[in-house]
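*Asks:* Just dropping this structure here.
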Amino acid sequence: MNKKGFIFDLDGVIVDTAKYHFLAWQQLAKSLDINFTEEENEQLKGVSRVRSLEKILAWGNKTISQDLFDKLMGDKNEEYLSYIAEMDESEILPDVPRVLKLLEALDQPISLGSASKNARTILERVNLKSSFNAIVDGNDVSKAKPDPEVFLIAADQINIKPEDCIVFEDSVAGVTAANTAHMISIGIGSKDVLGHANYVFNDFTEISDDFIKSLINN
């Protein structure tokens, strides 16, 4: 059987940590007297922590010192970590384990490509870390999505050419990064948002075993 590389984003693809990011960013914004909405939180998907705080400050028309900026980033992460410390396997999104097990059974290399600096911790909490042959997260890259760096490193670590990789992503920036890297992009979410992906599914329950096999054999 052919070898393809399967690269998964984490937040919104394997687990839904967006709700925890929202709560943590909302707390931070409140401390600055900035109103922060769920719609704005959607715009932070796949975006680095630094860039996310810059966007929140711009929305609130606020300017702060670098010291306070650094402190707030640390505070946000501590708040977020307090939520993910309580995570368990029940938070894995539907049918993700089925797809991972199928890829393992078909001897296909699997990598994580996430902007999250807490990716390893989250995978450990939900007991999925051993499913990945390589993990590339926010600690391993210098350029955030939509730059393709995270996916190119992920492909390199599993020794698969970019054009032979398939990326599962839930964010506009992530799909753009996959397309820029000349990888097959599979959007997980709404077609209205992720229409620039090669394929779009609402979630993994819509992705059949036969579809996965067809990706491998193409």
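Bear in mind these aren't lab numbers, they're just calculated from the coordinates by the rules spelled out. The shown structure was predicted, so the numbers you read here are calculated from the model rather than taken from an experiment. Note: ideal-geometry Cβ built from the backbone for every residue, glycine included; neighbour counts use all protein chains shown.
*Asks:* Show me, for the stretch 137-142, the HN-Hα J-couplings you get by feeding each phi into the Karplus relation (A = 6.51, B = -1.76, C = 1.60, θ = phi - 60°), rounded to Hz, glycine and proline as x.
*Replies:* Here the 3J(HN,Hα) series is 10, x, 7, 9, 10, 10 Hz.
*Asks:* For all pairs of alpha-carbon atoms in the stretch 1-76, what percent lies in each bin of width 5 Å, listed from the first bin to the last filled one?
*Replies:* 3, 14, 26, 23, 12, 7, 5, 4, 3, 2, 1, 0
*Asks:* Please report, to two decimal places, log10 I(q)/I(0) for the stretch 140-218 at q = 0.18 Å⁻¹ as given by the Debye formula with identical point scatterers on the Cα atoms and no solvent.
*Replies:* For the requested q values the scattering log ratios are -0.72.
*Asks:* Where in the chain are the DSSP H helices whose alpha-carbon span along the long axis reaches 24 Å or more and whose Kyte-Doolittle mean is at least 1.0? Walk me through the numbers on the way to the answer.
*Replies:* Numbers: long enough: 66-84 (27 Å, -0.82).
Length and hydropathy pass: none found.
*Asks:* Then there's this: Using the Cα centre as the reference, give the magnitude of the dipole from point charges on the C-beta atoms of the stretch 1-148 (Lys, Arg: +1; Asp, Glu: -1; all else neutral), rounded to the nearest 20 debye.
*Replies:* Its charge dipole is roughly 440 debye.
*Asks:* Another question, then. Keeping to pairs on different chains or 8 or more places apart, tell me how many lysine pairs in the stretch 17-107 have Cα atoms under 26 Å apart.
*Replies:* 19
*Asks:* Once the Cα gyration tensor of the chain is found, what semi-axes does its equivalent ellipsoid get, as square roots of 5 times the eigenvalues, in whole Å, sorted largest first?
*Replies:* Values: eigenvalues 189, 59, 50 Å².
Working from the Cα gyration tensor, I get semi-axes of 31, 17, 16 Å.
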